[in-house]
1. With all pairs of different alpha carbon atoms counted, what Kirkwood hydrodynamic radius in Å does the protein assembly as shown show?
2. To the nearest 20 debye, what is the magnitude of the charge dipole of region A:1-92 about its Cα centre, counting +1 on the Cβ of each Lys and Arg and -1 on the Cβ of each Asp and Glu?
3. Protein chains only, probe 1.4 Å: how do A:PHE74, A:PHE100, A:PHE10 rank by accessible area, largest first?
4. Can you list the cysteines of chain B that have no other Cys Cβ under 4.7 Å away?
5. I need the phi-derived Karplus couplings for region A:95-110: 6.51 cos²θ - 1.76 cosθ + 1.60, θ = phi - 60°, integer Hz, Gly and Pro marked x.
6. Given the pairs A:LYS9/A:LYS70; A:LYS70/B:LYS77; B:LYS58/B:LYS110; B:LYS77/B:LYS110; A:LYS9/A:LYS71; A:LYS9/B:LYS69, which are separated by over 28 angstrom at their Cα positions?
7. Sort A:LYS70, B:LYS78, A:LYS57 by accessible area with a 1.4 Å probe, largest first.
8. How large is ³J(HN,Hα), in whole Hz, for each residue of region A:71-88 in order, when computed from phi with the Karplus curve 6.51 cos²θ - 1.76 cosθ + 1.60 and θ = phi - 60°, using x for Gly and Pro?
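The values are calculated or read from the model by the stated rules, or taken from the named source; none is laboratory data. Keep in mind that this is a model prediction, so the values were computed, not measured. All Cβ positions, glycine included, derive from the backbone under ideal geometry; neighbour counts span all protein chains shown. Accessible surface is based on the protein model in full, side chains and every heavy atom, while ligands, DNA and RNA are left aside. Shrake-Rupley method; radii C 1.70, N 1.55, O 1.52, S 1.80 Å.
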Amino acid sequence: NAGVTQTPKFRVLKTGQSMTLLCAQDMNHEYMYWYRQDPGMGLRLIHYSVGEGTTAKGEVPDGYNVSRLKKQNFLLGLESAAPSQTSVYFCASSLMTEAFFGQGTRLTVV
Amino acid sequence: AQSVAQPEDQVNVAEGNPLTVKCTYSVSGNPYLFWYVQYPNRGLQFLLKYITGDNLVKGSYGFEAEFNKSQTSFHLKKPSALVSDSALYFCALCNNNDMRFGAGTRLTVKP
């Protein structure tokens, strides 16, 4: 049972490049979340999903897009990366009792 | 709008002493409240939750938290701290499927 798996674990992007972060969960959870973690700011919610085919904006959605075409996967896209998007990104899934987190993706935009 | 505040960036305690990590929240309606812990280079791990019922909830590793509706607080406590409790602690609030976190409190337990 893998839980929540994020790929890739590390990535360096040049400004203006695009990329997609993949989150996969094998717990049949309805709810999935994408957060970014920056020093002193805790985890800030980017987007979330309450089920297959649904997405909603969180606190800091600008510059990101998401898709939930399959229940087990939640994709986070950066269309044109900016240095301000350098961060550690965490995905989580939940059944509204407790959330399970992936190991994180460290993204650097240069 | 909902929000979570952790007023202390850092908490230092001596091993064996009681510890408290503070959390306050703001939300319309009934909150679901959580505490998570993060160790270096890891994702967050669930400690405990308050959904409804008893105001004192017990969780993993001897931690407990007290829900106080009048003070809109959900402080994390442990009667006797261990060096291994040193980590980053996050309070979280969930309302209408939207889960928000506080900025985190770094707990350091000194031998």
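1. Across the protein assembly as shown, the inverse of the average 1/r is 17.9 Å.
2. Once rounded to the nearest 20, the dipole reads 180 debye.
3. Per-residue accessible area, sorted high to low, gives A:PHE10, A:PHE100, A:PHE74.
4. B:CYS94
5. Once rounded to whole Hz, the list reads 10, 6, 10, 9, 9, 10, 10, x, 7, x, 10, 8, 10, 10, 10, 10.
6. Over 28 Å Cα-Cα: A:LYS70/B:LYS77; A:LYS9/B:LYS69.
7. A:LYS57, A:LYS70, B:LYS78
8. 4, 7, 10, 9, 9, 10, x, 10, 6, 9, 5, 10, x, 5, 8, 5, 5, 9
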